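So the structure is just underneath, and the comments pick up after that.
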């Protein structure tokens, strides 16, 4: 399902997923008797890998076990997101919701945690969400466009047409996420596939 796209020696590996444009970043860790070090972002390296380097906003959320946030995206003011877990563990999901895309309605689910420090790049046009597997998780989003309330779109977390296994028994949701519409009810508001 995943294939390595490119490697940069000791810096990081980029892994392509089943959804074109959605990428897993695996940074190299440099441990010693004091702890460890890793490079969490390098504009030039990420740009070479096709990941936006024009980040304008960082967000951090802290959530407890079973909390599920998503699925979210913005349109017409779209956002690409580079996400990682600072502490704890989550199942992170990117879903292709670009009308006309050959992978419309398909998703990729990846475990992100503070041990591996894996990151996920979610390009514009994809919905995003995560569910917390650990007792608590701190989650970082690097966004390439500011939050725009008027462009915000929520898609039902358990939409049968997307079919995500979130890995949590009883999801804890905000009222807004619990009442989000199904993907098929949002076609007119969704981004279009550009090919």
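Please treat every number below as a calculation from the coordinates, not as lab data. Here the structure is a predicted model, which is why all the values come from computation and not from measurement. As a convention, Cβ positions derive from the backbone with ideal geometry for all residues, glycine included, and neighbour counts pool all protein chains shown.
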> Within the stretch 144-155, can you find the residues that are farther than 21 Å from residue 67 by Cβ and not in a loop (DSSP other than H, G, I, E, B)?
Replying inline: 149, 150, 151
> Does any residue in the stretch 35-55 that is at positive phi come within less than 9 Å, Cβ to Cβ, of a residue that is buried (at least 16 other Cβ atoms within 10 Å of the Cβ) six or more places away or on a different chain, and which pairs are these?
Replying inline: 50/14; 50/21; 50/23; 50/121; 50/123
> Going through the stretch 123-143 one residue at a time, which ones are surrounded by fewer than 19 Cβ atoms within 10 Å (Cβ to Cβ) and either without any contact (Cβ under 8 Å) to a residue 24 or more places away in the chain or in a loop (DSSP other than H, G, I, E, B) (or both)?
Replying inline: 134, 135
